[in-house]
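What follows is one structure encoded as structure tokens, with my remarks underneath.
Values in this text are rule-based calculations from the coordinates and carry no lab data. In this text, all values refer to a predicted model and were calculated from it rather than measured experimentally. For neighbour counting, all protein chains shown are included, and Cβ atoms are generated from backbone atoms with ideal geometry for every residue, glycine included.
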Amino acid sequence: MRTQMRWAGAIMIVIGAGHLVLAIMLAWDSHARWLGQGLWASVPLMGGPLDNEVAFWGALGSFSVPQILLGWVVWHLAGRGVAVPAGVGWAYAAWCVVGGILLVPSPFFVGVIPGLLIVLAARRSHERSRG
């Protein structure tokens, strides 16, 4: 169970960090402009340049940061021998399938792997506690 959960957490962290780094690199001009403006209100909610909004929602406003945090929680719980509920794995895998269908070609489908690893680890944990 621990190995599956560790792999799931590591994959989630790598996917999230990779997405964040790549998104920042691809929109570096916008991010550098924000730094030059002092960051405060650099991306207006409405009426700003579209490239600013795309740069924000593609990087810091995307799911990459929460995905890194979720991966870290999965990794941490695995180290303590605590299984993440299977529902989290199913929901994560379903989100990745829908994202992969909507955005083709896409590495979204890779996210199904940690989702299923979480489901398998939860089932093994449940079987151990019953038997």
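Which of Ser125, Trp90, Gly16 sits farthest toward the positive end of the charge dipole of the stretch 2-130, with +1 on the Cβ of Lys and Arg and -1 on the Cβ of Asp and Glu?
Final value for the positive-end residue is Ser125.
How far is helix 28-37 tilted, in degrees, relative to the longest principal axis of the Cα atoms in the chain, given as a value from 0 to 90 rounded to the nearest 10?
On a 0 to 90 degree scale, this one is about 70.
Can you pull the percent of Cα pairs in the chain with separation above 23 Å?
Every Cα pair in the chain considered, those over 23 Å come to 42 percent.
Order by neighbour count: Val119, Val97, fewest other Cβ atoms within 10 Å first, most last.
Least to most surrounded, the residues fall as Val97, Val119.
For the chain, with a Gaussian network of springs between Cα atoms less than 10 Å apart, report the residue from Ile113, Ile101, Ile13 with the top mean-square fluctuation.
Per the Cα network of the chain with a 10 Å cutoff, Ile101 tops the list.
What's the magnitude of the charge dipole for the chain around its Cα centre, counting Lys and Arg as +1 and Asp and Glu as -1 at the beta-carbon? Answer in Debye, nearest 20.
Its charge dipole is roughly 820 debye.
For the chain, what does -39500 (n - 2.57) per DSSP helix run (n ≥ 4), summed and divided by total residues, give at 222 nm, in deg cm²/dmol to the nearest 500?
It lands at -24500 deg cm²/dmol.
Would you mind checking the tilt of helix 112-130 against the longest principal axis of the Cα atoms of the chain, expressed as 0 to 90 degrees and rounded to 10?
With both axes taken from Cα atoms, the answer is about 30 degrees.
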